[in-house]
């Protein structure tokens with residue numbers, strides 16, 4: 001799985017080091033063999049010439065291009081994203097659409113940037129430092145691990161999610177002087193994620209996703225819940241309990257992000273047109289995704 005280690009990892013370098021070490025170790029067998037020839041200097045020059053020619057062909061001609069449509073394509077992972085942010089008072093603070101790229105190898109967009117319109121492509125690093133999980137519907141652990149190398153391509157026309165996703169606050173109860181309980185109902189596609197980030201003076205005390213002893217403090221990441229459904233598409237009811245030492249619950253307690261993924265859906269017409277612009281050696285792993293950010 002090293003080929004999907006993310007763009008920050010150069011796996012080609014590992015292969016090059018192994019090849020170099022193997023070449024050096026083979027000299028103990030190669031040198032005596034060369035000495036058996038009548039003109040060993042000619043053999044050495046021929047080997048140097050073949051090596052130089054191979055390096056030239058690999059670096060300066062189309063023979064060195066690493067991708068081919070049928071044998072070794074470039075995996076391009078991206079999401080057709082609609083981001084909707086709600087503030088603490090329920091007002092809409094952001095509604096944006098675009099494409100979220102999570103590149104799997106170090107070349108990133110370079111192999112197809114002359115064929116695909118990537119005008120406006122920006123790094124997500126600044127957004128990742130500002131928002132919980134970059135304010136994006138990160139699909140799984142590879143997206144999370146590679147988030148600082150991910151890139152965002154905005155688009156003017158809003159992405160229309162093919163499936164409706166709704167989060168409803170069913171109940172808000174103050175359990176005791178230091179504990180508050182939130183009960184929710186979630187409806188959406190078969191693959192969804194929940195991102196939970198308490199405020200600095202708040203602790204996640206209990207939840208509906210297992211025992212309270214399973215809750216471990218996180219250092220750099222929010223709590224992430226992966227939800228997968230099959231035939232049964234019933235609404236998901238869950239609760240979250242938070243503790244706060246000063247007992248002040250009339251201020252923001254936590255952020256809750258809902259990421260809904262409509263996998264195996266090609267998306268709207270503009271998304272299909274964008275996907276069709278990629279070269280034939282690009283293997284696309286993409287689908288529509290909706291991200292809803294709430295503050296409770």
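The values are calculated or read from the model by the stated rules, or taken from the named source; none is laboratory data. Predicted, not measured: the structure shown is a model, and the values here were computed from it. All Cβ positions, even for glycine, are placed from backbone atoms using ideal geometry, and neighbour counts span all protein chains on display.
Has region 200-208 got any residue that is surrounded by 18 or more Cβ atoms within 10 Å (Cβ to Cβ), in contact with a helix residue (DSSP H, G or I) (Cβ under 7 Å, 6 or more places away or on another chain) and free of Cβ contacts under 8 Å to residues at least 24 places away in the same chain?
Within region 200-208, not a single residue is surrounded by 18 or more Cβ atoms within 10 Å (Cβ to Cβ), in contact with a helix residue (DSSP H, G or I) (Cβ under 7 Å, 6 or more places away or on another chain) and free of Cβ contacts under 8 Å to residues at least 24 places away in the same chain.
Within region 154-161, does at least one residue satisfy the condition of being outside any strand (DSSP E or B), assigned by TED's automatic domain parsing to the domain that holds residue 262, without any contact (Cβ under 8 Å) to a residue 60 or more places away in the chain and surrounded by fewer than 17 Cβ atoms within 10 Å (Cβ to Cβ)?
Yes, because at least one residue in region 154-161 is outside any strand (DSSP E or B), assigned by TED's automatic domain parsing to the domain that holds residue 262, without any contact (Cβ under 8 Å) to a residue 60 or more places away in the chain and surrounded by fewer than 17 Cβ atoms within 10 Å (Cβ to Cβ).
If you check 285, 269, which single one turns out to be surrounded by fewer than 20 Cβ atoms within 10 Å (Cβ to Cβ), more than 17 Å from the chain's Cα centre (by Cα) and either under 23 Å from residue 158 (Cβ atoms) or modelled with pLDDT under 90 (or both)?
269
If residue 43 passes every condition in (1) surrounded by 11 or more Cβ atoms within 10 Å (Cβ to Cβ); (2) under 39 Å from the mean Cα position of the chain (by Cα) but one, which one does it miss?
Every listed condition holds for residue 43 apart from (2).
Just wondering, is there one or more residues in region 218-235 that are at pLDDT 90 or above, more than 23 Å from the chain's Cα centre (by Cα) and either under 21 Å from residue 85 (Cα atoms) or in the same structural domain as residue 142 (by TED's automatic domain parsing) (or both)?
Yes, region 218-235 contains a residue that is at pLDDT 90 or above, more than 23 Å from the chain's Cα centre (by Cα) and either under 21 Å from residue 85 (Cα atoms) or in the same structural domain as residue 142 (by TED's automatic domain parsing) (or both).
Given the criterion more than 30 Å from residue 269 (Cα to Cα) and modelled with pLDDT under 95, identify the matching residue among 144, 175.
175
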